[in-house]
Amino acid sequence: MKTRAEKILPLAALAILVISTVPSAFASTLTVNLNPATKTAQVTMDSYTNIILTYPNGSQMSNYLKGVNSSISLKGNFASSDEGVQVLQGSFHEDDQESNAVVKNMSVSFSYSAKGNATALVLHKQTNITATVTGVFSVVNGSVKADLKWRSFVVRSALNLNLGDHTEDINYVGPTTEDSLSGHALAAAFLLHMFGGSEIWNTPTLNYSQLSTPLSTWTKNFDSSTNTTTFSKTITGSSTFTSSADNNGQKYSFSAVSDPSAVVSMKGYATASGDSLTVTQAPPMSAVPTLLVAAAAGIVVVAGVAYLAMRSRASRAKPVSVPTPSVN
């Protein structure tokens, strides 16, 4: 016989956390597919970063980087015992020591392409991570609860992974830029000398800290046709990471930008409390879409009109009583 918890878990068959961004120089998307039936979450992190280095035309750096064209594409799979998986899991727990989230495994694809001209080097960096996470579900007072506080994590350290025959830091801005110039040692050394000590060098690209506002403050919508509750959040403004340097009167800049938004969707009718979602068996009447109420009202009106029409026809069909004339 199924336990009460086993009967309730299918009610929350799928929850999707989508954090999407407008096209920008620094864009990240986080997707979490929650499956209470298996008590697992599939977490996908897609990080797309444009790193821009500008320099004066005719400068030494211009001569180094003019005509640079490099690229790389690597993949790898990692178990829970691997150091990179432990780094990711530690990031989930940094601001939530009580979290039970455990990263069981992850697969990674990493790529970049760099092109340089007389005045700028533009580097397109892409990191895609898919991880299986457990420990995010619980059953409280007979209802399924999903803890999503860890969604606003930041990987604050280097995330070095053995991908093929390469060891790559797939997180920080600076090391990826330096690696893209592996065939241009003088340019890489010059870049490290100017910006290696600046904040942007160790700026993480796996950064979802702007998603820390409680889910209960996000915009909520329940769609009865798909039986899905959605929580959405748009973050206005942007975070700009910029560093500049002066070399003998010549100006150099190193920059990246972010501006994310977020959507949380859960199958079933869900309510938010802080950073958690709870699924109930049925929505309250206040959650029934206005369209359904209007349709019900329309049926009542149509039935009323039909009833009056039938009464009218019946009244016309009755024989008319003619009074008998009196005789004097």
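The values are calculated or read from the model by the stated rules, or taken from the named source; none is laboratory data. The shown structure was predicted, so the numbers you read here are calculated from the model rather than taken from an experiment. Don't worry about glycine lacking a Cβ; one is built from the backbone with ideal geometry, like all the others, and counts go over all protein chains shown.
Taking interchain pairs and intrachain pairs at least six residues apart, which have beta carbon atoms under 6 angstrom, with the first residue in the stretch 127-149 and farther than 24 Å from residue 47 by Cα and the second polar (S, T, N, Q)?
Here the result reads 135/100; 143/278; 145/138; 145/276; 145/278, each pair linking the stretch 127-149 to a residue that is polar (S, T, N, Q).
Take the stretch 30-54 and flag every residue that is outside any strand (DSSP E or B) and closer than 30 Å to residue 246 by Cα.
Within the stretch 30-54, no residue meets the criteria.
Exactly one condition in (1) in contact with a Gly (Cβ under 9 Å, 6 or more places away or on another chain); (2) touching a residue at least 40 places away in the same chain (Cβ under 8 Å) is not met by residue 45; state its number.
It fails just one condition, (1).
Among the residues of the stretch 126-159, which ones are of a type in the set (S, T, N, Q) and in contact with a strand residue (DSSP E or B) (Cβ under 7 Å, 6 or more places away or on another chain)?
The answer is 126, 127, 128, 130, 132, 134, 138, 143.
Which residues, taken from the stretch 62-82, are under 22 Å from residue 44 (Cβ atoms) and basic (Lys, Arg)?
75
Got at least one residue in the stretch 173-189 being assigned by TED's automatic domain parsing to the domain that holds residue 31 and under 30 Å from residue 274 (Cα atoms)?
The answer is no; no qualifying residue exists.
Please work out which residue is surrounded by the fewest Cβ atoms within 10 Å (Cβ to Cβ), limiting yourself to the stretch 163-189 and to residues that are modelled with pLDDT under 95 and assigned to a strand (DSSP E or B).
By that ranking, first place goes to 167.
Among the residues of the stretch 190-210, how many are of a type outside the set (S, T, N, Q) and not in a helix (DSSP H, G or I)?
Result for the stretch 190-210: 5.
Restricting attention to the stretch 233-267, which residues are modelled with pLDDT under 75 and over 24 Å from residue 205 (Cβ atoms)?
Correct list: 265, 266, 267.
Count, please, the residues in the stretch 176-206 that happen to be touching a helix residue (DSSP H, G or I) at 6+ places or on another chain (Cβ under 8 Å) and either more than 25 Å from residue 77 (Cβ to Cβ) or without any contact (Cβ under 8 Å) to a residue 24 or more places away in the chain (or both).
The total comes to 16.
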